[in-house]
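Below is one structure, written out as structure tokens, with a few remarks after it.
Read-outs throughout are calculated quantities, based only on the coordinates presented, and are distinct from any laboratory measurement. Predicted model, so just to flag it, every value in this text is computed and none were measured. Counting neighbours? That spans all protein chains shown, and the Cβs are built from the backbone with ideal geometry, glycine included.
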Amino acid sequence: MNWKDKNVLITGIGGFAGSYLAKKLINKEANVYGLIRRRADGTIAKNIIDRGIAGEVNLIEGDLTDVTSLADALDQSEPDYIFHLAAQSFVERSFHNSQETQNINCMGTANLLETVRVKDSDSKIVFAGSSEEYGLVLSSQEQYEKAKKDYGTVFPEPENIPEVPISETNPLRPMSPYAVSKVYGDYLMRNYYHSYGVNAVVSRAFNHEGAGRGIMFVTSVVTNQIMKLKFGEIDRIVIGNLNALRDWSHVQDIVNGYLLLAEKGQGGEVYNQGSMRTNSVLSYILLGLEEAGWNVNGIEAVNGGKEIQDPTEFDESPIFGIKFPKTKVDQLILEGELEYTIKDKGIRVNTQQGDVMIEFNPDRFRPAEVPILLADTNKIQKLGAKIEFSLNNILKDQLNYFLKKENRSN
Ligand code: GDP
């Protein structure tokens, strides 16, 4: 599709994915408008500056919770396409700031849809739903039994176990206020399509990362600390649950998917976006250390035991009927053979350059956790979606970002 001179409105343009999307659309010569919250100090969001697009986007001051500003944004931009990415997007924050999350993510989305409906706009909307909507995904019978014990009930009950890779028809079992808010937005988008003909397509993107990813997300938490370790600013890596498995894509691949959905996505439909890989937080740390110059020989629990030699060795065996790049520790965690818990205190990583300590911080463990995410992306692949970036490409981009001292957090 030719994006030249198309009017595009991006909510969340100052965010991580939003800024990459804006950059791509500018390169395609679209007229890019972005809804941006007023900043008391008058500065422009770092993401917009880092993408080098400050002079090329039309920033409209406004807020999803303020309908008048949304009406203004539609009047000013007359959008052919709206990418609705603005949200309070951090799962952990949603546990502490639940109402803020609902106000922005639920009411904000309802406000946007109402504005589009009342103004009779025929713009096509691409909504950023989330893999977190799937929440509790059952990857084994044992995990199902454990979930029943932990939560009393599993709702909806699974039809088949394992439920991975996760397709769009998988049950939604959101596990956080954030996840619930995205289910709301997802359903409301489709309801407005069916009820009022609003041309809305839902993307359920799995985790996407890269340079500039919010500092509180785990891939940034890890790579930021690895670079700090490299420069002697810290002496250990502090982390929460590192058994969690995530389907991590590069933000560029997901942004390409958003464009594809705008071009070819069917209104009222939901499309997963992801890499069809799943890797553990532990692997992210170990592969990150290797990428940054440590040669990992083995790991063991600080309190002893759970010793694994060559933990980053590539594991070739298929799992859940598919093959994807993963490490020995990923495979062990996936098979339920390995789990590090708070009782282990942490992990000692034995490397050729000396030991690296990973310390568990109990505060970083979540009240409710999503153990595994792995996307089935066959539906969007049929539209032409492709994944171009490997896990190591993502790691490299993030490590390079934190090479710059000013990007490293305190
Ligand atoms: P999410 O999948 O949207 O929740 O993305 P995050 O990047 O915030 O978290 C991914 C996984 O990493 C979750 O299972 C977290 O429990 C786990 N995790 C472990 N340690 C940390 C940490 O220090 N910070 C964050 N954000 N997540 C952590």
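Of the three principal axes defined by the Cα atoms of the chain, the extents in descending order read 64, 50, 38 Å. Residue by residue, what Karplus-based ³J(HN,Hα) values in Hz, rounded to whole numbers, does the range 123-138 have, using 6.51, -1.76 and 1.60 with θ = phi - 60° and x for Gly and Pro? These are the phi-based 3J(HN,Hα) values: 5, 8, 10, 10, 9, 7, x, 7, 4, 4, 4, 5, x, 6, 9, 8 Hz. Using the empirical formula 2.2 N^0.38 Å as the baseline, the Cα radius of gyration of the range 156-259 reaches a ratio of 1.40.
Of the trypsin sites (Lys or Arg not before Pro) found in the range 60-124, those in coil by DSSP whose Cβ has at most 16 other Cβ atoms within 10 Å are 119. If R0 equals 56 Å, the separation of the Cβ atoms of residue 110 and residue 342 corresponds to a calculated FRET efficiency of about 0.90.
Rounded to the nearest 20, the Cβ-based charge dipole of the chain about its Cα centre (Lys and Arg +1, Asp and Glu -1) stands at 540 debye. Could you work out the local net charge near residue 406, counting Lys and Arg as +1, Asp and Glu as -1, over the other residues with Cβ closer than 12 Å to its Cβ? Spelling it out: positives minus negatives among the neighbours equals +3. As a ratio to 2.2 N^0.38 Å, the alpha-carbon radius of gyration computed for the range 346-410 takes the value 1.66. Ranking 305, 368, 342 by how far each Cα lies toward the positive end of the dipole of the range 304-372 (charges on Cβ) leaves 368 at the top. With K and R counted +1 and D and E -1, the other residues having a Cβ less than 13 Å from that of residue 146 yield a net charge of -3.
The local environment of residue 397, defined by Cβ-Cβ distances under 13 Å, has a net charge of -2 under the rule Lys, Arg +1 and Asp, Glu -1.
Between the alpha-carbon centres of the range 233-280 and the range 28-45 there is a gap of 24 Å. Using only alpha carbons, the range 44-148 has a radius of gyration to Kirkwood radius ratio (Rg to Rh) of 1.09.
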